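First up is the structure itself, then whatever we jot down about it.
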Amino acid sequence: MKMTMRWFGPGFDPVTLDKIRQVPGVKGVITTLYGKQPGDEWKSEELFALKKQVEDSGLVIAGIESVNIHDSIKTAGAQRDMYIERYINTLKVISQAGINLVCYNFMAVFDWTRSDLAKIRPDGAAVMAYDHKLVEEINPDNMFNVMQEKAGGCLLPGWEPERMARIKELFKMYHDIDEETLFKNLEYFLKAIIPECEKLKIKMGMHPDDPGWSVFGLPRIMKNKENLLRLVNMVDNPCNGVTLCSGSLGTNPDNDIPDIIRSLKGRIHFAHVRNVKHNAPGDFEESAHLSSDGSLDMYSIMKALCDIGFDGPLRPDHGRQIWGEVSVPGYGLYDRAIGLSYLSGLWEAINKGK
């Protein structure tokens, strides 16, 4: 297991590389070329400049999160083959930079969704939260503005303003796309890129949907064990794998995350490990990583990863905003560093107890 942290890059992230470098056990960061739109073709000089900045700080780029997929690919639009070709060209640039992991998702219109980006908990910490009843009261055309207002102008990864400006058009594109159609479009995409990934030695890690159910009637196809097994089996190649996100899968209390991990042995390329606290069906809030602070058994999750021989990058995921820190929502340094230390302790104890 390689312990990492997410970094949003120069000009975007108030958490600097020198601060990340001081967190015990961290050897690398997970990052991307922020500002790129889905469908943009990456240039090698841009990625190599980012790589140099990271390496000059004493870290490495352990993976790319994310190379976002154009909606023409997800909806089988007339230009999908062109955008797939661009995606493959970007993968070539990533490979040239010596990076062998890409995290991505296949969610329609919206990436992750929350009803609150700074819910105050009893201890005074602020966390991201989701209440399905509140979300359903929002006009989907206005969802981006609601999220931006709650974010206070901070960067929201996966909510690119340029793309969200076309939200009505996007909803029309997905009007006739159900889950089965979206799965078929994913299969077409994977059959095109995975042979190239094999040549480039790049592992693709599909991120589960967040939350794990339909929002505004949009199809969601990465919600549970059945979906993830279908993903890896539809193109049965070691490069076609999963980003195991305990927080996203944990939005549905019916998901047995340790069992999901064991069922995906050899196909989990990257892990996001965090906790969530369930308040009611469709109502959850994020919590500290500690098992007792949420609804997930973090020991069992880390043990399952250890039992399958997971050796890829792992990072603490969304943390609480604590001690007055101002940061990208969910991505303050302090609570993620605490969570990382907790996860590292679990990993060491599990391995020494074998």
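The values are calculated or read from the model by the stated rules, or taken from the named source; none is laboratory data. What you see is a predicted model, and the numbers here were worked out from it, not measured in a lab. Don't worry about glycine lacking a Cβ; one is built from the backbone with ideal geometry, like all the others, and counts go over all protein chains shown. Side chains are part of the model used for accessible areas, which takes the heavy atoms of the whole protein and leaves out ligands, DNA and RNA. Shrake-Rupley method; radii C 1.70, N 1.55, O 1.52, S 1.80 Å.
Applying a threshold of 20 Å to the alpha-carbon distances of Lys225/Lys265; Lys51/Lys265; Lys27/Lys51 flags Lys51/Lys265 as lying beyond it. When both bridge partners sit in the chain, DSSP labels roughly 30% of those beta bridges antiparallel. With θ taken as phi - 60° and the Karplus curve 6.51 cos²θ - 1.76 cosθ + 1.60 applied, the whole-hertz 3J(HN,Hα) list for the range 18-24 is 5, 6, 4, 4, 7, 6, x Hz, x standing for glycine and proline. Enclosing the Cα atoms of the range 1-40 in their convex hull gives a volume equal to 70 cubic angstrom per residue.
Could you calculate the FRET efficiency of Glu325 with Asn142 from 1/(1 + (r/R0)^6), where r is the beta carbon distance between them and R0 is 35 Å, rounded to 0.05?
E between Glu325 and Asn142, to the nearest 0.05, is 0.75.
Across all C-alpha atoms in the range 1-71, the radius of gyration and Dmax reach 12.4, 39 Å.
Given the alpha-carbon gyration tensor of the range 17-120, what are the semi-axes of its equivalent ellipsoid in whole angstrom, ordered largest first, with each equal to the square root of 5 times an eigenvalue?
Each semi-axis is the square root of five times an eigenvalue, giving 27, 21, 10 Å.
Length available on full extension from Asn351 to Lys51: 0.36 nm per residue minus the Cα-Cα distance, which gives 104.8 nm. With Cα atoms as the point set, the range 156-248 shows a radius of gyration and Dmax of 14.5, 39 Å. Scanning residues 5 or more positions from Gly212 or on other chains, those with amide H under 5 Å from its amide H are Thr251, Asn252, with H placed 1.01 Å from N in the peptide plane.
Taking 16 Å as the straight-line reach from the Cα of Lys191, the aspartates and glutamates in range (excluding those fewer than 8 positions away in the same chain) are Asp81, Glu85, Asp236.
Prolate is the label for the range 236-354, because a/c, from the alpha-carbon gyration tensor with a ≥ b ≥ c as root eigenvalues, is 1.5 or above and a/b exceeds b/c. First check a/c for the chain, with a ≥ b ≥ c the square roots of the eigenvalues of its C-alpha gyration tensor; if it is under 1.5, answer rounded, and if not, answer prolate when a/b is larger than b/c or oblate otherwise. Rounded, since a/c falls under 1.5.
Couplings for the range 68-74, taken from phi via the Karplus curve 6.51 cos²θ - 1.76 cosθ + 1.60 with θ = phi - 60°, read 6, 9, 5, 5, 5, 6, 5 Hz in order; Gly and Pro are left as x. Let me make sure I get this right: for the range 64-128, a, b and c are the square roots of the gyration tensor eigenvalues over alpha carbons, sorted descending. Under 1.5 in a/c it's rounded, otherwise prolate if a/b > b/c, else oblate. Which is it? Here the range 64-128 falls in the oblate category.
Kindly flag which residue pairs out of Lys74/Lys303; Lys2/Lys92; Lys172/Lys223 have an alpha-carbon separation exceeding 31 Å in this structure.
Lys74/Lys303
Within the range 233-321, antiparallel bridges make up roughly 35 percent of the DSSP beta bridges whose residues both belong there. Among the aspartates and glutamates, select those whose C-alpha is under 15 Å from the C-alpha of Lys52, and discard any that sit fewer than 8 residues away in the same chain. Reachable aspartates and glutamates: Asp18.
Measuring nothing but protein heavy atoms, the accessible surface of the chain at 1.4 Å probe radius is 50 percent carbon and sulfur.
Ligands, DNA and RNA aside, Trp112 has an accessible area near 30 Å² when probed at 1.4 Å.
Only the Cβ atoms of Lys and Arg (+1) and of Asp and Glu (-1) were treated as charged; on that basis the dipole of the chain about its Cα centre amounts to roughly 960 debye. Computed over the chain, the per-residue total of -39500 (n - 2.57) for DSSP H runs of n ≥ 4 gives a 222 nm mean residue ellipticity of -11500 deg cm²/dmol, rounded to 500.
Extension gain for the segment Lys201 to Asp256, taken as residue separation times 0.36 nm less the Cα-Cα distance, is 16.7 nm to one decimal. Counting only protein heavy atoms and a 1.4 Å probe, the chain has 40 square angstrom of accessible area per residue. Loop-located chymotrypsin sites (Phe, Trp or Tyr not before Pro) in the range 212-277 (DSSP state other than H, G, I, E, B) with a sparse environment of at most 15 neighbouring Cβ atoms within 10 Å: Trp213.
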